[in-house]
Amino acid sequence: MNNARRVLMLTAAVWANAAFAGGGLGSPTGGATEVTQLLNHVELASSVSQQATMVGQNATAQLTRISQLANQIKNLVQLPQNLLAQTLAPYQQQIGDLKSVVQAVGSLQSAAAQTQALLSNGISEMNTTGMSPLQWLNAYINLAQQQGGQYKQQLDSDLDTLSNLSQQAQHLQTLSAQIPQVSGNVQGLQLLNQQANLLGGEMVELRGLVQRQVVTQEQDKLSEANAQAASAQEEQQRIQALQSTIDSEKAWTSGVGFSPLNDSQ
């Protein structure tokens, strides 16, 4: 866990009871429900990561086998060059397609592992600070907005992680549809696509939730700043009005020659 995360946990613990106590997601019941949902996301991300590892191994094994077969065909020097090229063409196509699958699956596995780590760290921080998901998220966003720097960079990085997973899931699905003759022979790829698309959709929603909270807090802070400015302006106007009244009284009393000494006599 990096320094930004460790400081976040300490700061969030201080803010937990003071700044974000309330109902809804902040209540014990709502918080527990949201934590359960996050745990489900973690399990699904773990499943996608493991499935991607297995599919990647299967695709790599097929790639190795076909590449070896293509090399064996190349060694048949007695074949005419044009016939050799025609014979190798289907294998070369499969090799290219399998390489694309291996790369896409590897990228998805990496994205799923990063997402699993991100969600697991978040849940750990919530447990440590005793905060609900919404309280923790608000504390996180507040640090990013108020302190900037590494906190803002970490928040942006986490949003990118959620976005990247959905993008990689979509890419693999598109690729699988484009090369069904190869994808259909890669064991476990269909299940991986199903799981990845489900997780990717959940991460799109989660990312949207975070972004909405960011916008909401920015609007709240702007409204608070405007209210404070308006209050300060009203106070200044009251002071000016009072000063004007005092000045008028002084001018009047000076005009009639009134003084506390004369009045006492």
Residue in segment 52-110 that is farthest from residue 175 (Cα to Cα), counting only those that are of a type in the set (D, E, K, R) and out of contact with any helix residue (DSSP H, G or I) (no Cβ under 6 Å at 6 or more places or on another chain):
74
Tell me, which residue of segment 85-132 that is charged (D, E, K, R) and in contact (Cβ under 8 Å) with a residue 40 or more places away in the chain is least open to solvent (accessible area, probe 1.4 Å)?
125
Flag if residue 45 is open to solvent by less than 60 Å² (accessible area, probe 1.4 Å), assigned to a helix (DSSP H, G or I), over 14 Å from residue 101 (Cα atoms) and in contact with a Phe, Trp or Tyr (Cβ under 7 Å, 6 or more places away or on another chain)
no
From the set of residues in segment 189-201 that are touching a residue at least 60 places away in the same chain (Cβ under 8 Å) and surrounded by fewer than 17 Cβ atoms within 10 Å (Cβ to Cβ), which is nearest to residue 50 (Cα to Cα)?
191
Surrounded by fewer than 17 Cβ atoms within 10 Å (Cβ to Cβ), at pLDDT below 85 and of a type in the set (Lys, Arg) - does that describe any residue in segment 71-80?
yes
Take residue 107 and decide whether it is among the hydroxyl-bearing types (Ser, Thr, Tyr), within 30 Å of residue 196 (Cβ to Cβ) and at pLDDT below 85.
no
Here are 157, 166: which of them is under 19 Å from the mean Cα position of the chain (by Cα) and surrounded by fewer than 17 Cβ atoms within 10 Å (Cβ to Cβ)?
157
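The values are calculated or read from the model by the stated rules, or taken from the named source; none is laboratory data. From a predicted model like this one, the values you see are computed outputs, not experimental measurements. Methodologically, a virtual Cβ is constructed for each residue, glycine included, from the backbone with ideal geometry; neighbour enumeration extends over all protein chains shown. To get the accessible areas, we keep the full protein, side chains included, count just its heavy atoms, and leave off ligands, DNA and RNA. Shrake-Rupley method; radii C 1.70, N 1.55, O 1.52, S 1.80 Å.
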